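The values are calculated or read from the model by the stated rules, or taken from the named source; none is laboratory data. Given the structure is predicted, the values throughout are model-derived calculations rather than measurements. Cβ placement follows ideal geometry from the backbone for every residue including glycine, while neighbour counts extend to all protein chains displayed. The accessibility values were calculated without ligands, DNA or RNA, using every heavy atom of the protein model including side chains. Shrake-Rupley method; radii C 1.70, N 1.55, O 1.52, S 1.80 Å.
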Amino acid sequence: MPTSNARPRSLPHAGKATTGTRDSAKPLCPRTTQPARISAELKRALEFYHGTAEDLIREFIRVLGVNETDRRALEIVLLENDKATTPGLLAERLGLTAAGVTIMLNRLEKQGYIARTLHPTDRRRVIVMATELAAHRVQELVVPMIVESYKMLLNSYDSGELDTIADFLTRAGELQQIHRQRLRDVDPYARP
């Protein structure tokens, strides 16, 4: 009798044979093992993605000559309308105090990445704008990667799959925002 390494399509459950239908009275093994396998693969893929994204960010930091907080602030400013924002918004988004934002903006301004100006109608408010130097350097680094990524994704997935990927990434991002807020509401551990 020939042996096979192939797994059977369905296995008996609690002594009963199962059918290929999703009848709740007759549970299928894939209903319990398939989600577990997919969950494990998704976990590995997300860990791989997060690790490679962090590695990429570290290289951006190195090339731009900034720290992580400064890089994120620069990203926020560059993605805002008119490539401008306020110190208050940066403080809120980065979880920094007003003094922390001022110190960070001083560093970025010294490097030529941002400029601060007074608001045109409310002279009490400060506007933070990305400089042409910042926009040029970031575009020079990022645009080739974006073009390469789009080409790869468009060649690898159909439009329905791309919609699913976009939906997944949007939901994952929303969940990260929820987690971030929960952590911001937690007091830091006491130092030993």
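For this structure, a couple of remarks:
- Cut-off under 5 Å, modelled amide H: who pairs with residue 114 long-range: 109, 131
- For residue 127, the residues 5 or more places off, or on other chains, whose built amide H falls under 5 Å of its own are 117, 118, 119.
- Ratio of the Cα radius of gyration of the range 51-114 to 2.2 N^0.38 Å, where N counts its residues: 1.10
- Alpha-carbon radius of gyration plus Dmax, which is the widest Cα pair, for the range 146-185 in Å: 14.1, 43
- Within straight-line reach of residue 83, meaning a Cα separation under 16 Å, sit the following aspartates and glutamates at least 8 residues removed in sequence or on another chain: 70, 75, 109, 132.
- Centroid-to-centroid separation of the range 136-172 and the range 56-76 [C-alpha atoms, Å]: 20 Å
- About the centre of its Cα atoms, the range 55-192 shows a dipole size close to 800 debye [charges on the beta carbon of Lys, Arg (+1) and Asp, Glu (-1) only; nearest 20 debye].
- With the convex hull constructed from alpha-carbon coordinates only, the range 114-192 shows a mean projected area of 10.7 nm² over all directions.
- Charge tally in the Cβ shell below 15 Å around residue 68, where Lys, Arg are +1 and Asp, Glu are -1, residue 68 excluded: +2
- Carbon plus sulfur fraction of accessible area for the range 49-140, probe 1.4 Å, in percent: 54 percent
- Summing charges over all other residues whose Cβ lies under 13 Å from the Cβ of residue 112, with Lys and Arg as +1 and Asp and Glu as -1, gives +1.
- Computed Rg/Rh of the range 48-173, alpha carbon atoms with Kirkwood Rh: 1.04
- With DNA, RNA and ligands ignored, accessible area of residue 55 (1.4 Å probe; Å², nearest 10): 80 Å²
- Three-way shape label, the range 100-151, alpha-carbon gyration tensor, a/c 1.5: prolate
- 3J(HN,Hα) couplings calculated from phi for the range 173-187 with the Karplus curve 6.51 cos²θ - 1.76 cosθ + 1.60 (θ = phi - 60°) are, in sequence order, x, 4, 5, 4, 5, 5, 4, 4, 5, 4, 5, 5, 7, 9, 6 Hz; Gly and Pro show x.
- Here the 3J(HN,Hα) profile of the range 95-101, calculated from phi with Karplus coefficients 6.51, -1.76 and 1.60 at θ = phi - 60°, is x, 10, 7, 4, 5, x, 5 Hz, Gly and Pro shown as x.
- Note that the range 62-70 has calculated 3J(HN,Hα) couplings of 4, 5, 6, x, 10, 9, 4, 5, 5 Hz, one per residue in order, obtained from phi through the Karplus relation 6.51 cos²θ - 1.76 cosθ + 1.60 (θ = phi - 60°); glycine and proline are x.
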